[in-house]
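See structure below.
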Amino acid sequence: MSQNAFYPNLLKPLDLGFTQLKNRVLMGSMHTGLEEEKDGFEKMAAYFSARAKGGVGLMVTGGISPNYRGRLAPFSSQLSSGRHVKKHRIITDAVHEADGKICLQILHGGRYSYHPFNVAPSAIKAPITPFKPKALSSRGVKTTIRHYVRCAKLAQKAGYDGVEVMGSEGYLINQFICQRTNKRTDEWGGSYENRIRFPIEIVKQIREAVGENFIIIYRLSMLDLVDEGSTWEEVVQLGKEIEAAGATIINTGIGWHEARVPTIQTSVPRAAFTWVTQKMREEVNIPLITTNRINTPDVAESILVEGHADMVSMARPFLADPDFVNKAAEGKPENINLCIGCNQACLDHVFKQERATCLVNPRACYETELVASPFEKKKSLAVVGAGPAGMSFALEASKRGHEVTLFEKSNELGGQFNIAKLIPGKEEFNGMLDYFTHQLHESDVVIKSGTVATVEELSNGSFDEVILATGVSPRVPKIEGIDHPKVKTYLDVLKHKEPVGETVAILGAGGIGFDVGEYLTHSGSSTTLRPDTWLKEWGVDKDYENRGGLLDSRKLEPSPRKVIMFQRKESKMGKGLGKTTGWIHRTVLKDKKVEMVTGVQYQKIDDEGLHVLIGEEPRVYPVDNVVLCTGQEPLRELLDGLQEKGITAHLIGGSDVAAELDAKRAIRQGTELALSI
């Protein structure tokens with residue numbers, strides 16, 4: 001069977017005239033934080049080289065500014081001088097040696113730049129930064145265009161195969177295009193024709209400077225998802241002008257960063273926005289790339305089969321698995337480590353000025369550091385607990401050549417993954433669980449499910465060391481009446497499916513509390529599995545009759561019960577949730593009319609309901625059930641017995657730290673220990 005037989009459209013070459021891409025897969029732009037690190041270019045070379053070897057047709061770097069005012073942060077990367085070229089050569093040489101192609105993304109932050117030297121079309125502060133921009137003068141606009149051109153020429157000199165001009169997501173170019181951020185009255189503002197002169201001139205002048213044999217991708221904001229965004233007719237007009245100006249390919253941009261519509265998170269349906277690329281495909285003649293929440297080769301193939309695009313962009317799936325394309329070409333999609341769209345280790349890290357990586361693949365962006373150390377002798381290792389930490393350790397240790405036996409007291413592997421997958425919007429956890437389970441069954445790991453490991457068995461001489469990944473149990477707070485029949489733990493509700501009444505109190509507002517809140521306020525199938533319903537729920541106008549692609553009002557499904565969420569702290573509820581996803585969870589519960597009560601002292605639980613003090617005021621909430629989401633306790637019942645027997649035991653995952661259910665830390669901890677043991 002030929003290599004292209006499994007996904008013939010996805011793996012089909014794309015002829016650009018002067019060059020050919022070996023398949024229809026773009027690794028979309030992701031800023032990783034390596035750009036600013038010591039030895040960052042060498043680390044990026046290893047990172048991009050791994051994806052090139054993995055079969056990606058074309059890659060795009062993280063955003064690089066054309067000048068210092070456009071930097072996203074004070075010390076972010078820019079390409080504006082010949083002295084930068086040599087460093088970028090380290091990347092391009094590594095990619096080309098691996099038979100890959102790579103474009104540099106030119107990104108000017110405009111009013112999104114997080115520093116006091118930022119500039120924009122007009123002096124209007126963005127809601128996501130504290131710095132009000134200075135309005136560019138007419139001369140400054142022309143200078144900025146020259147800087148884009150200079151950056152493209154330097155990228156060409158550095159060996160890049162092309163550039164991507166970032167014209168979407170609310171960055172500088174997008175700010176010129178839309179009335180909400182462009183209040184100018186000169187030749188760069190006012191009419192739509194004037195407002196789009198900026199991107200047109202950038203593309204036109206770059207093409208003149210770099211010649212015909214150089215890829216120019218233009219990232220077109222096809223769906224702004226903000227008030228005063230572009231109309232569909234305006235998007236089409238700009239797309240045609242960009243084609244005429246000399247772009248090779250148009251990539252799809254969805255939503256501004258300040259938009260209140262999720263676009264790339266777990267709860268967004270797969271391929272939720274490819275319909276807008278399909279609409280544009282009827283209007284232009286150059287290849288179009290579609291994007292957002294495409295994470296399997298089957299989804300990517302179906303997009304191309306249905307004519308939604310000429311090429312598919314997947315970014316974070318290549319953090320999860322650099323060999324995504326090769327595995328697809330081999331007809332083994334079950335071996336692809338699945339991106340679940342969680343944002344926890346990638347975007348959340350970047351927005352906190354930390355290096356990006358991946359929850360399911362801790363090696364991402366650590367290719368030169370997170371490597372196996374040579375071991376002196378093969379060991380026999382027992383792993384107790386097949387949750388995220390235990391499974392990741394068992395897989396890595398087995399790959400290194402150790403003999404691994406995995407004990408799991410339940411009949412199914414996965415631990416807390418089996419809880420997470422039950423939450424509406426977190427269906428992707430099924431795929432991640434399937435991947436880990438399949439890899440374990442294909443490995444040399446001896447799996448003993450439905451087996452309770454004992455100190456006697458673990459210390460009978462069969463094992464050199466024991467890894468305890470035994471997880472957590474729900475913490476039960478000391479409240480009068482805590483043993484009342486109406487009290488349930490989150491495991492009772494989620495795992496054991498115990499019924500709950502029409503009025504429910506949730507104690508605790510961490511990640512588990514919000515998960516339980518979403519579970520209890522949804523009825524029927526998750527809207528994540530019903531894309532058209534999901535789009536209406538978030539106010540996206542698929543008919544594109546309004547500016548920005550927004551509906552006049554959102555179509556919300558009511559909650560089947562009344563839910564009240566409590567927390568002892570007086571701080572904002574959900575403050576500890578993910579930096580880029582917390583607002584989504586808060587919005588969902590607000591939409592479901594969940595009452596949120598902070599600064600609470602719990603008094604007692606009885607037949608009347610939940611008794612609390614709010615300040616000095618006593619209140620009684622007449623609820624049918626009280627669900628405890630008040631934290632976890634580590635399960636370490638084997639530790640003392642093993643230590644008494646002189647057995648070396650390691651704690652990983654929740655059994656080590658149970659502050660919050662954290663799959664990111666658990667998988668990384670399991671991987672790191674396995675690589676060092």
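Of the numbered conditions (1) of a type in the set (Gly, Ala, Ser); (2) touching a Gly at 6+ places or on another chain (Cβ under 6 Å); (3) outside the structural domain of THR671 (by TED's automatic domain parsing), GLY654 satisfies every one except a single condition; which is it?
Tallying (1) of a type in the set (Gly, Ala, Ser); (2) touching a Gly at 6+ places or on another chain (Cβ under 6 Å); (3) outside the structural domain of THR671 (by TED's automatic domain parsing), GLY654 fails exactly one: (3).
Test PRO333 against the criterion of being assigned by TED's automatic domain parsing to the domain that holds ARG24, surrounded by fewer than 23 Cβ atoms within 10 Å (Cβ to Cβ), at negative phi and modelled with pLDDT of 95 or more, and give yes or no.
Working: assigned by TED's automatic domain parsing to the domain that holds ARG24: yes; surrounded by fewer than 23 Cβ atoms within 10 Å (Cβ to Cβ): yes; at negative phi: yes; modelled with pLDDT of 95 or more: yes.
Spelling it out, PRO333 is indeed assigned by TED's automatic domain parsing to the domain that holds ARG24, surrounded by fewer than 23 Cβ atoms within 10 Å (Cβ to Cβ), at negative phi and modelled with pLDDT of 95 or more.
Out of segment 600-635, which residues are loosely packed, with under 15 Cβ neighbours inside 10 Å, in a loop (DSSP other than H, G, I, E, B) and modelled with pLDDT of 95 or more? Spell out the reasoning first.
Step one: filter segment 600-635 for residues loosely packed, with under 15 Cβ neighbours inside 10 Å, giving 601, 606-608, 613-620, 622, 633.
In the following step, the residues that additionally are in a loop (DSSP other than H, G, I, E, B) were identified as 607-608, 615-616, 622.
Matches in segment 600-635: ASP607, GLU608, PRO622.
Taking into account only those residues within segment 120-149 that are hydroxyl-bearing (Ser, Thr, Tyr) and within 22 Å of GLU187 (Cα to Cα), which is surrounded by the most Cβ atoms within 10 Å (Cβ to Cβ)?
Start the filter on segment 120-149 by keeping residues that are hydroxyl-bearing (Ser, Thr, Tyr), which leaves 122, 129, 137-138, 143-144, 148.
After this cut, where a residue has to be within 22 Å of GLU187 (Cα to Cα) as well, the list is 122, 137-138, 143-144, 148.
Working: SER122: 17, SER137: 12, SER138: 12, THR143: 13, THR144: 23, TYR148: 26.
Only one residue fits best here, namely TYR148.
Quick one: which residue in SER65, SER80, SER29, SER76 is at pLDDT below 95 and small (Gly, Ala, Ser)? Working first, answer last.
Details: SER65 fails: at pLDDT below 95; SER80 fails: at pLDDT below 95; SER29 fails: at pLDDT below 95.
Matching residue, one of SER65, SER80, SER29, SER76: SER76.
Take SER459 and decide whether it is of a type in the set (S, T, N, Q), touching a residue at least 12 places away in the same chain (Cβ under 8 Å), within 27 Å of VAL516 (Cα to Cα) and surrounded by fewer than 21 Cβ atoms within 10 Å (Cβ to Cβ).
So SER459 does not fit the description; no.
Report those helices (runs of 4 or more DSSP H) wholly inside segment 496-594 carrying at least 3 residues which are in contact with a strand residue (DSSP E or B) (Cβ under 9 Å, 6 or more places away or on another chain) and within 26 Å of ARG619 (Cα to Cα).
On the way: elements: 511-520, 531-537, 582-591.
Because the criterion is at least 3 residues that are in contact with a strand residue (DSSP E or B) (Cβ under 9 Å, 6 or more places away or on another chain) and within 26 Å of ARG619 (Cα to Cα), the helices (runs of 4 or more DSSP H) in segment 496-594 that meet it are 511-520, 582-591.
Within segment 636-653, can you find the residues that are part of a strand (DSSP E or B) and among the hydrophobic types (A, V, I, L, M, F, W, C)? Give the derivation first.
Initially, segment 636-653 is screened for residues part of a strand (DSSP E or B), giving 648-651.
Matches in segment 636-653: ALA649, LEU651.
Tell me the residue from VAL235, VAL268 that is out of contact with any strand residue (DSSP E or B) (no Cβ under 9 Å at 6 or more places or on another chain), among the hydrophobic types (A, V, I, L, M, F, W, C), crowded, with 20+ Cβ neighbours inside 10 Å and over 21 Å from VAL119 (Cα atoms), please. Before the answer, list the steps.
Numbers: VAL235 fails: out of contact with any strand residue (DSSP E or B) (no Cβ under 9 Å at 6 or more places or on another chain).
After applying the criteria, what remains is VAL268.
Among the candidates LYS53, LYS87, LYS22, LYS38, which residue alone is touching a helix residue (DSSP H, G or I) at 6+ places or on another chain (Cβ under 7 Å) and either modelled with pLDDT of 95 or more or of a type outside the set (A, V, I, L, M) (or both)? Break it down stepwise before answering.
Numbers: LYS53 fails: touching a helix residue (DSSP H, G or I) at 6+ places or on another chain (Cβ under 7 Å); LYS22 fails: touching a helix residue (DSSP H, G or I) at 6+ places or on another chain (Cβ under 7 Å); LYS38 fails: touching a helix residue (DSSP H, G or I) at 6+ places or on another chain (Cβ under 7 Å).
Exactly one residue qualifies, and that residue is LYS87.
Residue under question is ARG355, and the condition is that it be touching a residue at least 60 places away in the same chain (Cβ under 8 Å) and touching a His at 6+ places or on another chain (Cβ under 8 Å); does it hold?
Working: touching a residue at least 60 places away in the same chain (Cβ under 8 Å): yes; touching a His at 6+ places or on another chain (Cβ under 8 Å): yes.
Considered against the rule, which asks whether it is touching a residue at least 60 places away in the same chain (Cβ under 8 Å) and touching a His at 6+ places or on another chain (Cβ under 8 Å), ARG355 comes out as yes.
Output the residues belonging to segment 569-626 that are in contact with a Ser or Thr (Cβ under 9 Å, 6 or more places away or on another chain), closer than 18 Å to ILE479 by Cβ and either of a type in the set (A, V, I, L, M) or not assigned by TED's automatic domain parsing to the domain that holds VAL504 (or both).
Answer for segment 569-626, where residues must be in contact with a Ser or Thr (Cβ under 9 Å, 6 or more places away or on another chain), closer than 18 Å to ILE479 by Cβ and either of a type in the set (A, V, I, L, M) or not assigned by TED's automatic domain parsing to the domain that holds VAL504 (or both): ILE614, VAL623.
Does PRO477 qualify as being in contact with a Phe, Trp or Tyr (Cβ under 8 Å, 6 or more places away or on another chain) and exposed (fewer than 15 other Cβ atoms within 10 Å of the Cβ)?
Working: in contact with a Phe, Trp or Tyr (Cβ under 8 Å, 6 or more places away or on another chain): yes; exposed (fewer than 15 other Cβ atoms within 10 Å of the Cβ): yes.
Here the answer is yes, as PRO477 does meet what is asked.
For the list (1) closer than 23 Å to LEU635 by Cα; (2) touching a Lys or Arg at 6+ places or on another chain (Cβ under 7 Å); (3) of a type in the set (S, T, N, Q); (4) not in a strand (DSSP E or B), I need the number of the one condition that THR405 fails.
Just one mismatch for THR405, condition (4).
How do the pairs read when you match residues in segment 541-553 that are under 14 Å from PHE273 (Cβ atoms) with residues anywhere that are of a type in the set (Gly, Ala, Ser), using Cβ under 8 Å and keeping only pairs 6 or more apart or on different chains?
Between residues of segment 541-553 that are under 14 Å from PHE273 (Cβ atoms) and residues that are of a type in the set (Gly, Ala, Ser), the close pairs are ASP541/GLY549; GLY548/GLY229; GLY548/SER230; GLY549/GLY229; LEU550/GLY229; LEU550/GLY539.
Specify which of the listed residues (GLU201, GLU282) is without any contact (Cβ under 8 Å) to a residue 12 or more places away in the chain, in the same structural domain as GLU334 (by TED's automatic domain parsing) and surrounded by fewer than 22 Cβ atoms within 10 Å (Cβ to Cβ).
GLU282 is the lone residue from the list that is without any contact (Cβ under 8 Å) to a residue 12 or more places away in the chain, in the same structural domain as GLU334 (by TED's automatic domain parsing) and surrounded by fewer than 22 Cβ atoms within 10 Å (Cβ to Cβ).
Condition (residue is of a type in the set (D, E, K, R) and in contact (Cβ under 8 Å) with a residue 12 or more places away in the chain) applied to segment 622-629: is it met by at least one residue?
In the first step, residues of segment 622-629 are kept if they are of a type in the set (D, E, K, R); the result is 624.
Checking which are in contact (Cβ under 8 Å) with a residue 12 or more places away in the chain leaves us with 624.
Yes: one or more hits.
Filter segment 238-265 down to residues that are in a helix (DSSP H, G or I) and not aliphatic (A, V, I, L, M) and give me whichever is surrounded by the most Cβ atoms within 10 Å (Cβ to Cβ).
Going residue by residue through segment 238-265, those that are in a helix (DSSP H, G or I) are 238-245.
With not aliphatic (A, V, I, L, M) added as a condition, the list becomes 239-241, 243.
On the way: GLY239: 20, LYS240: 14, GLU241: 17, GLU243: 18.
Across segment 238-265, the extreme among qualifying residues is GLY239.
Pick from GLY190, GLY229, GLY170: which is free of Cβ contacts under 8 Å to residues at least 12 places away in the same chain and assigned to a loop (DSSP other than H, G, I, E, B)?
Working: GLY229 fails: free of Cβ contacts under 8 Å to residues at least 12 places away in the same chain; GLY170 fails: free of Cβ contacts under 8 Å to residues at least 12 places away in the same chain.
Checking each option against the conditions leaves just GLY190.
The values are calculated or read from the model by the stated rules, or taken from the named source; none is laboratory data. Since this is a predicted model, take the numbers as computed values, not measurements. Using ideal geometry, Cβ is built from the backbone for each residue, glycine included, and neighbour counts are taken over all protein chains shown.
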